[in-house]
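Nothing in this text is a laboratory measurement; each read-out follows from the coordinates by a stated rule. Nothing here was measured: the structure is a model prediction, and the numbers come from that model. Note: ideal-geometry Cβ built from the backbone for every residue, glycine included; neighbour counts use all protein chains shown.
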Amino acid sequence: MDINVTRFVVEADAFQFSASRMERGENAGPETWANALVEASERPLLSSEDELEAFRDFAKGFGAWDRDEIAAWSPEECNALFIQFVSGDLRELESLCPGDGPGGIDWEAARELQEEGTVSGRLGLWDDGSVGFYVGE
């Protein structure tokens, strides 16, 4: 399932939601998670039950959480983790493909890197100029 993340890509500072200890210091994890929870409660990206379920299915593929843990996540927790996934991919593309497209990205260059397998292909520019994030296999 593709989730429209255009507003987030255009307006958010992905560094607030995804950053390393090298960049932010020892509290990078707790700080970015706290920021993602606030963003998730104020401006969620996953808005329907179908989107939340698709994200939960997506998360199962990582093997980091068991099915019961994932099922227990609140919509806010799902959104916060989704925000972190989007932010990580967005920061990577911002760094490797600067340009004048949505989010300050050269989406043609991004697509080339995705096709080469250099970066994930989850975040992309749709034909209508919106930006989507794919949650699925």
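Farthest toward the dipole's positive end in segment 2-134, which of Leu125, Thr6, Ser20, given Cβ charges of +1 (Lys, Arg) and -1 (Asp, Glu) about the Cα centre?
Sorting the options by dipole projection puts first Ser20.
Could you sort 41-50, 11-20 so that the peptide with the highest average Cβ count within 10 Å comes first and the rest follow in order?
Going from most to least packed, we get 11-20, 41-50.
Which value in deg cm²/dmol, rounded to the nearest 500, describes the helix-derived mean residue ellipticity at 222 nm for the chain, given -39,500 (n - 2.57) per DSSP H run of n ≥ 4 and division by the residue count?
So the helix-based figure for the chain works out to -16500 deg cm²/dmol.
Hey, got the dipole for the chain? About the Cα centre, +1 on K and R Cβ, -1 on D and E Cβ, debye to the nearest 20? Numbers along the way, then the final one.
Values: 10 positive and 30 negative charges, 66 e Å.
In total the dipole reaches around 320 debye.
Report the semi-axes of the equivalent ellipsoid for the chain in whole Å, largest first, where each axis is √(5λ) for an eigenvalue λ of the Cα gyration tensor.
23, 18, 15
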